[in-house]
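Undergrad: Here it is: the structure, laid out below.
The values are calculated or read from the model by the stated rules, or taken from the named source; none is laboratory data. Note that the coordinates shown come from a computational prediction; the quantities given were computed from them, not determined experimentally. Here Cβ is always computed from backbone atoms with ideal geometry, including for glycine, and neighbour counts include all displayed protein chains. SASA here: full protein model, heavy atoms, side chains in, ligands and nucleic acids out. Shrake-Rupley method; radii C 1.70, N 1.55, O 1.52, S 1.80 Å.
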Amino acid sequence: MAGAAHCSLQAKRLLLDPKFEGYKLSLEPLACYQLGLDAAVAEVQLRDDQYTLDHMRAFGMYNYLHLDSWYQDNVYYVDQFGRVMNLSVTLDTALQKPREVFRLPADLNAYDNRLCASIHFSSPTRVTLSDGTGRLYLIKSGKRGNGASEKWEIMFNEELGSPFIIAHSVSFVKSDTHSLAVLLLRVEKDELDTKGSGFHVTLEWVTIAEIIKEGDHRYEIIKRKVLQGKSVPHYAAIEPSGDGLMIVSHKPFKFMESERDKLEENDDEKVLNEKKDPLYYWQQTEDDVTITVHLPQDITKDDIKVRFSPDNICVTLRDQPPLMEGKLYSSVDHESCTWIIKENKSLEISLIKKNEGPRWPELIVGDTRGEFIMDSSQCSEIAESLMHLTSEVMNPNPEKEKPPCNAQELEECDAFLEDGASLCRFDGVTLKVTHIINLGSNQYLFSVLVNPREMPCFCLRHDVDALLWQPHSDQPENMWEHIATFNALGYVQASKQDKKFMACAPDYSYAALCECLRRVFIYRQPTPLSTVLYNRKEGRQVGQVAKQLVATLEANDPILGFQATNERLFVLTTKTLFLIKVNSGN
């Protein structure tokens, strides 16, 4: 993780409601429709050798219902005959039976070690499909969800080794070439792991490009890279441009190196070891920054070129590549910046801060070749500012109004099994981590595709609330945006011991979760009241209320799939597809 920028998630205070009073159970009826399936869902039970928690998370808790976010209320599943079945809804009162749009060529029942079939919708006309045996299909679907005219055509298929499920895929055009990037998830035996579970998790990043030769169009694999970790990722998605990858996981992932990469890395380490001394030293006050650079003996004043701009600096010696160049941490008054050559043959550069006061944690963004020197008065000042946070006594003032937190007073639903989760962004070229966020106790809850042209959003628990975050890979200053809040949902979901899936509407109007059997819980956003309601305890009028609704399905089979749209919830069991009308259409 060396060289990665350590970031944090900034919640928008306007999207938080500190006065939220909780959900009121509503008894209003929910319209629920059900469709019997012609054939059972192609559920794959875990085998005896798939006994770890990672196997359960990746395959045992797999969502067999796939939502096509490019088209409204359009869902797919694979049945036991290898048929990809589609249900597209326009009117709840005129539901059609799910219809076949594609049939997998292989006889799935002939494979003993297969996984569940998986589908991902890369674009409005492209689908990636795995049959669970280790074969990947790229499908040209045409416009989907428009009745009998939908026909899927295989553009590419290839055996890619051991069985996998598709975690994510994107379709993009680069240099006038159409490409698809697919993320394949595997849990594999690890012979070297004698103390742990004996397995590791791999994410294979496969890039498939359209090759045109003599008028012949075909797709070929142009890149395969593998990441390895020790836990199944909660979230893994490729950026829309195909230039990077984001992963939320309990344990870190890293790219597996080829022998050539290892040799190159060893060479780089040798070079770094040879340059042990910092390239420059820098100090700062509230008003300015001073940089000192040691110069070679034969350098004169005429050989030095220093260019200042409000946000950048460039230092060049003779006609060599820039010695220092890059974006400054903060803006400077570039017209007041100066440089001189000191008697000891060193270059001293003075930068005048535009914003007085704030300390800079780094000089040039991402440049680790310099060393910051702090004087004794600054050390004393920082130590004094932190003094109130420490004490030699365990509880120096037990009578004060807010005593220290006592872990024994925490409720069971406040405890997290995984405190070490992190969010990492990997660069697709260097294959190194560029950004990292330590999520700490911000428990991962679920992901949702709000805009199919963007990366999937992920929902994290923040205190009692659940906050929805939209990654923006093309906005370095706003890479993770807080776009919605589900009040108290973080606390509420922790009490549901039997929950299996969570989801929310793409317009954030409600969140929902289902248990392994029958019950579905819906949590609406607060809405204004049409009648007057008083809080008797506080003697004030309540302006809005958030409703909780509960639906009980008429089924004894376990829930295998769960998807939410703005109007409906789709719930899939072994032999039935349920539609719950949550919101009325516009």
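Undergrad: Quick check: Cα centre of the range 112-177 to Cα centre of the range 196-256, how many Å?
TA: Cα centres, the range 112-177 to the range 196-256: 15 Å.
Undergrad: Okay, next question. So, in nm, how far is label Lys581 from label Thr125 when the simple model puts each one 7 Å beyond its Cα toward the Cβ?
TA: 3.6 nm
Undergrad: Expected output is a single nm value to one decimal: the length gained when fully extending between Ser346 and Thr368, i.e. 0.36 nm times separation in residues minus the C-alpha distance. What is it? Working shown, then result.
TA: Working: separation 22, 0.36 × 22 = 7.92 nm, distance 1.99 nm.
The Ser346-Thr368 span can extend by a further 5.9 nm.
Undergrad: Let me ask you something else. Which pairs, out of Lys254/Lys500; Lys223/Lys432; Lys97/Lys499; Lys195/Lys254; Lys19/Lys581, put more than 26 Å between their alpha-carbon atoms?
TA: Details: Lys254/Lys500 29 Å; Lys223/Lys432 16 Å; Lys97/Lys499 29 Å; Lys195/Lys254 20 Å; Lys19/Lys581 29 Å.
Listed pairs above 26 Å: Lys254/Lys500; Lys97/Lys499; Lys19/Lys581.
Undergrad: Sorted by accessible area (1.4 Å probe), largest first, how do Glu204, Glu356, Glu481, Glu158 line up?
TA: On the way: Glu204 10, Glu356 130, Glu481 45, Glu158 75 Å².
In descending accessible area the options line up as Glu356, Glu158, Glu481, Glu204.
Undergrad: State the volume of the convex hull built on the alpha-carbon positions of the range 1-139, expressed per residue in Å³ and rounded to an integer.
TA: Details: hull volume 36.3 nm³, N = 139.
For the range 1-139, the hull spanned by Cα atoms encloses 261 Å³ per residue.
Undergrad: Can you compute the FRET efficiency between Lys19 and Lys223 using 1/(1 + (r/R0)^6), with r the Cβ-Cβ distance and R0 = 56 Å? Round to the nearest 0.05.
TA: On the way: r = 51 Å, r/R0 = 0.92.
It comes out at approximately 0.65.
Undergrad: Towards the positive end of the charge dipole of the chain, with charges on Cβ (+1 Lys, Arg; -1 Asp, Glu), say which of Leu577, Val44, Thr125 has the farthest Cα.
TA: Farthest towards the positive end: Leu577.
Undergrad: Still on this structure, please answer the following. Which far-off residues, 5 or more places away or on another chain, put their amide H under 5 Å from the one on Arg126, with H placed in the peptide plane?
TA: Ser141
Undergrad: Another question, then. What is the spin-label model distance, in nm, from Ile299 to Glu335 if the labels are put 7 Å beyond Cα along the C-beta direction?
TA: About 2.9 nm separates the two model spin labels.
Undergrad: Then there is this: Run the 1.4 Å probe and let me know the accessible area of Val201, rounded to the nearest 10 Å².
TA: 0 Å²
Undergrad: Starting from the amide H of His234, placed 1.01 Å from N in the peptide plane, find each other amide H under 5 Å away whose residue is 5 or more places distant or on another chain.
TA: Hits under the 5 Å cutoff: Val248, Ser249, His250.
Undergrad: Could I ask something else about it? Give me the percent of Cα-Cα pairs in the range 280-368 that sit more than 17 Å apart, rounded to a whole number. Walk me through the intermediate numbers first.
TA: Working: 1793 of 3916 pairs.
Counting every Cα pair in the range 280-368, those more than 17 Å apart make up 46 percent.
Undergrad: Here's a follow-up. Quick one: if the Förster radius is 30 Å, what FRET efficiency do Thr574 and Glu454 give, using the C-beta to C-beta distance and rounding to 0.05? Working shown, then result.
TA: Details: r = 33 Å, r/R0 = 1.12.
Plugging the Cβ-Cβ distance into 1/(1 + (r/R0)^6) gives 0.35.
Undergrad: Sticking with this one: Taking the Cα centre of the chain as origin, sum charge times position over the Cβ atoms of Lys and Arg (+1) and Asp and Glu (-1), and report the length of that vector in debye to the nearest 20. Spell out each step's value before the answer.
TA: Details: 64 positive and 85 negative charges, 438 e Å.
For the chain, the charge dipole is close to 2100 debye.
Undergrad: Next question. Roughly how many Å² is the accessible area per residue of the range 280-368, as a whole number, for a 1.4 Å probe? Please list the in-between numbers first.
TA: Details: 5150 Å² over 89 residues.
Ligands and nucleic acids excluded, the figure is 58 Å² per residue.
Undergrad: Still on this structure: With θ taken as phi - 60° and the coefficients 6.51, -1.76 and 1.60, list the Karplus ³J(HN,Hα) couplings across the range 489-498 in order, rounded to whole Hz; mark glycine and proline as x.
TA: Rounded to whole hertz, the list is 5, x, 6, 4, 5, 5, 7, 8, 5, 9.
Undergrad: Additional query: Hey, for a label at Leu46 modelled as a point 7 Å past Cα toward Cβ, could you say which residues of the range 63-88 have their backbone N under 20 Å away?
TA: Taking a point 7 Å out along Cα→Cβ of Leu46, the residues of the range 63-88 whose backbone N falls under 20 Å are 63-65.
Undergrad: For q = 0.05, 0.07, 0.09, 0.12 Å⁻¹, what log10 I(q)/I(0) does the chain give under the Debye formula with an equal point scatterer on each alpha carbon and no solvent?
TA: Reported log10 I(q)/I(0), two decimals: -0.29, -0.56, -0.87, -1.28.
Undergrad: On the accessible surface of the chain, probed at 1.4 Å, how many percent belong to carbon and sulfur atoms? Please list the in-between numbers first.
TA: Details: 15490 of 31670 Å².
The computed percentage sits at 49.
Undergrad: Same structure, new question: Determine the relative contact order of the chain: mean sequence separation of Cα pairs under 8 Å and six or more apart, normalised by residue count, in whole percent.
TA: Numbers: 1201 pairs, mean separation 79.5, N = 586.
Dividing the mean separation by the residue count of the chain yields 14 percent.
Undergrad: Using the basic label-point model (7 angstrom from Cα toward the beta carbon), what is the Asp112 to Asp288 distance in nanometres?
TA: 7.8 nm
Undergrad: Find which of Tyr281, Ile211, Ala564 sits farthest along the positive direction of the dipole of the chain, computed with +1 on the beta-carbon of Lys and Arg, -1 on that of Asp and Glu, about the Cα centre.
TA: Farthest towards the positive pole: Ala564.
Undergrad: Provide the FRET efficiency to the nearest 0.05 for the Ser495-Val173 pair, computing r from the beta carbons and using R0 = 51 Å.
TA: On the way: r = 47 Å, r/R0 = 0.92.
Once rounded, the FRET efficiency stands at 0.65.
Undergrad: Once you have the Cα-Cα distance between Gln72 and Gln378, take 0.36 nm times their residue separation minus that, and quote the gain in nm to one decimal.
TA: Values: separation 306, 0.36 × 306 = 110.16 nm, distance 5.91 nm.
Roughly 104.3 nm would be gained on extension.
Undergrad: Next question. With all pairs of different alpha carbon atoms counted, what Kirkwood hydrodynamic radius in Å does the range 1-55 show? Display every interim value, and only then the final one.
TA: Numbers: mean 1/r = 0.0516 Å⁻¹.
19.4 Å is the Kirkwood radius here.
Undergrad: Using the Karplus curve 6.51 cos²θ - 1.76 cosθ + 1.60 with θ = phi - 60°, work out ³J(HN,Hα) for each residue of the range 310-320 in order, rounded to whole Hz, and write x for Gly and Pro.
TA: In residue order, the calculated couplings are x, 10, 9, 9, 9, 10, 10, 10, 6, 9, 7 Hz.
Undergrad: Tell me, in nm to one decimal, what length is gained between Asp311 and Gln475 on full extension, where the rule is 0.36 nm per residue of separation less the Cα-Cα distance?
TA: 57.3 nm
Undergrad: So, counting K/R as plus one and D/E as minus one, what does the shell of residues with Cβ under 13 Å around Ala505 add up to? Walk me through the intermediate numbers first.
TA: On the way: positive: Arg524, Arg568, Lys581; negative: Asp73, Asp507, Glu567.
That works out to 0.
Undergrad: While we're looking at this one, here's another question. In terms of the Cα gyration tensor, with a ≥ b ≥ c the square roots of its eigenvalues, is the range 85-223 rounded because a/c is under 1.5, prolate because a/b exceeds b/c, or oblate? Let's see the in-between values first.
TA: Working: a/c = 2.10, a/b = 1.28, b/c = 1.64.
Because a/c hits 1.5 or more and a/b fails to exceed b/c, the range 85-223 counts as oblate.
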